[in-house]
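Undergrad: First the structure, which I've put down as structure tokens, then a few questions once you've had a look.
The values are calculated or read from the model by the stated rules, or taken from the named source; none is laboratory data. Keep in mind that what you see is a predicted model, and the values were worked out from it rather than measured. Please note: Cβ atoms are built from the backbone with ideal geometry, for glycine as well, and neighbour counts cover all protein chains shown. What goes into the accessible areas is simple: the full protein's heavy atoms, side chains included, and nothing from ligands, DNA or RNA. Shrake-Rupley method; radii C 1.70, N 1.55, O 1.52, S 1.80 Å.
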Amino acid sequence: MKATKGERIFYAVNYVMLGAIALTCILPFIHIIALSMSERSAVDSGHVFFWPVGLDFTAYKVFFLTTPAFSAFKNSIIITLVGVALSMAGTVLAAYPLSRSYLIGRRKFVLAMVFTMLFSGGLIPTYLVVKNLSLIDSYWSLWLTGFISTYNMLLMKSYFENIPHEVEEAARIDGCSDVSLLIRIILPLSLPMLATLALFYGINYWNAFMSVLMYINKSDMQNLTVIVQAMLQKNDILNSPSLAPEEQLMVATEMVKSVGVVVMVVPMLVVYPFLQKYFVKGVMLGSVKG
């Protein structure tokens, strides 16, 4: 159907507003990337905006020499991969039975879980529970406290409910048990929502900051987010004995800090395009039925 003049104006205004909002997010990051790859003289003189001036990667070398970036990067990957696997398993196993109409007390279970979303246990009680379980300085303190997001579980439950009942009935006539039905029929039909929630959990674990500060005291177990945040607060990054005098002269502190931000953000930007085709479809389908 052809859009009316009023609708075209409405769409044009929307595109302009959304484009402006997108630029406010994209341009600062482009500026950070340009700073990390420019010569020090251009950075000090303020001539770097959205394109590197005098391509130079010395700041990246300085960043990896002066910070425990490699071990922190490895820790972030472990926290993210294991955390996503555990959270996805927990979310599916919670959402599937709650999506079945024949589950006795289903409404009460759902209300109990929604209650935890509105009223959490609190920061200090949660910390005391983790401490009494001897999980301080263990990644299990991160995985268990972020095990299931109620919001994600509700999205998954709604998606399961939207799968036609005829599919389930046909599988049961063929002799499928509940477990077989979930693994062989429901999950393959739910790939868009599974990919979407995996991205949600992945971003959450990759950017974990407060929980790592609270529960992980050992410096060799901290993730990239904490390492980069600590680096951003320092002004003596270039005083490291591992740096040669000429290397200290070639980079500015702001350049090394820019590298930290780039290294922390790029992995998520690399993963996102592979999940983008599922992302919008998963969220839209999961939110149709509340």
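Yes or no, residue by residue, for (1) over 30 Å from Gln222 (Cβ atoms); (2) charged (D, E, K, R); (3) open to solvent by 30 Å² or more (accessible area, probe 1.4 Å):
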{"residue": "Ile124", "(1), (2), (3)": "no, no, yes"}
{"residue": "Leu133", "(1), (2), (3)": "no, no, yes"}
{"residue": "Ile136", "(1), (2), (3)": "no, no, yes"}
{"residue": "Leu144", "(1), (2), (3)": "no, no, yes"}
{"residue": "Arg172", "(1), (2), (3)": "yes, yes, yes"}
{"residue": "Ser180", "(1), (2), (3)": "yes, no, no"}
{"residue": "Ile186", "(1), (2), (3)": "yes, no, no"}
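Undergrad: So which residues in the range 168-221 are of a type in the set (Val, Ile, Thr) and either under 20 Å from Gly90 (Cβ atoms) or out of contact with any Asp or Glu (no Cβ under 9 Å at 6 or more places or on another chain) (or both), if there are any at all?
TA: Ile173, Val179, Ile183, Ile186, Thr196, Ile203, Val212 - these are the residues of the range 168-221 that are of a type in the set (Val, Ile, Thr) and either under 20 Å from Gly90 (Cβ atoms) or out of contact with any Asp or Glu (no Cβ under 9 Å at 6 or more places or on another chain) (or both).
Undergrad: Tell me, which residue of the range 233-290 that is in contact with a Leu (Cβ under 6 Å, 6 or more places away or on another chain) and closer than 30 Å to Val110 by Cα is modelled with the lowest pLDDT?
TA: Among residues in the range 233-290 that are in contact with a Leu (Cβ under 6 Å, 6 or more places away or on another chain) and closer than 30 Å to Val110 by Cα, the one modelled with the lowest pLDDT is Gly286.
Undergrad: Kindly evaluate Ile9 against the criterion of being open to solvent by 50 Å² or more (accessible area, probe 1.4 Å), part of a helix (DSSP H, G or I) and within 20 Å of Val262 (Cα to Cα).
TA: Considered against the rule, which asks whether it is open to solvent by 50 Å² or more (accessible area, probe 1.4 Å), part of a helix (DSSP H, G or I) and within 20 Å of Val262 (Cα to Cα), Ile9 comes out as no.
Undergrad: While we're on this one: Of all residues in the range 62-108, which are open to solvent by 30 Å² or more (accessible area, probe 1.4 Å), closer than 18 Å to Ile227 by Cβ and assigned to a helix (DSSP H, G or I)?
TA: Across the range 62-108, the qualifying residues are Phe64, Leu65, Thr66, Phe70, Ser71, Phe73, Lys74, Ile77, Ile78.
Undergrad: Return the residue satisfying two criteria in turn: it lies in the range 201-231 and is more than 18 Å from the chain's Cα centre (by Cα) and not in a helix (DSSP H, G or I), and of such residues it is nearest to Ala171 (Cα to Cα).
TA: Ile216
Undergrad: Ok, one more. Among what's in the range 124-153 and is in contact (Cβ under 8 Å) with a residue 60 or more places away in the chain and assigned to a helix (DSSP H, G or I), pick the residue that is farthest from Leu191 (Cα to Cα).
TA: Only one residue fits best here, namely Tyr127.
Undergrad: Take the range 32-47 and flag every residue that is within 21 Å of Met264 (Cα to Cα) and part of a loop (DSSP other than H, G, I, E, B).
TA: Of everything in the range 32-47, those that are within 21 Å of Met264 (Cα to Cα) and part of a loop (DSSP other than H, G, I, E, B) turn out to be Met37, Ser38.
Undergrad: Is there any pair linking a residue in the range 214-231 that is under 24 Å from Thr253 (Cα atoms) to one that is open to solvent by 60 Å² or more (accessible area, probe 1.4 Å), with Cβ under 7 Å and at least six apart or on different chains, and which?
TA: Leu224/Phe73; Thr225/Asn207; Val226/Leu213; Ile227/Pro68
Undergrad: Without any contact (Cβ under 8 Å) to a residue 24 or more places away in the chain and more than 28 Å from Ile203 (Cα to Cα): which single residue out of Leu103, Leu93 fits that description?
TA: Checking each option against the conditions leaves just Leu103.
Undergrad: Right, another one. Run Ala198 past the list (1) outside any helix (DSSP H, G or I); (2) within 26 Å of the chain's Cα centre (by Cα); (3) modelled with pLDDT of 90 or more and report the number of the one that doesn't hold.
TA: Here Ala198 meets the rest and fails (1).
Undergrad: Here is a check on your reading of the model: is Met117 open to solvent by less than 60 Å² (accessible area, probe 1.4 Å), more than 21 Å from Leu213 (Cβ to Cβ) and in a helix (DSSP H, G or I)?
TA: No.
Undergrad: For Phe70, only one of the following conditions fails: (1) free of Cβ contacts under 8 Å to residues at least 12 places away in the same chain; (2) over 26 Å from the mean Cα position of the chain (by Cα). What is its number?
TA: Tallying (1) free of Cβ contacts under 8 Å to residues at least 12 places away in the same chain; (2) over 26 Å from the mean Cα position of the chain (by Cα), Phe70 fails exactly one: (2).
Undergrad: Of the numbered conditions (1) open to solvent by 80 Å² or more (accessible area, probe 1.4 Å); (2) modelled with pLDDT of 75 or more; (3) not aromatic (Phe, Trp, Tyr), Val228 satisfies every one except a single condition; which is it?
TA: Val228 satisfies all of (1) open to solvent by 80 Å² or more (accessible area, probe 1.4 Å); (2) modelled with pLDDT of 75 or more; (3) not aromatic (Phe, Trp, Tyr) except (1).
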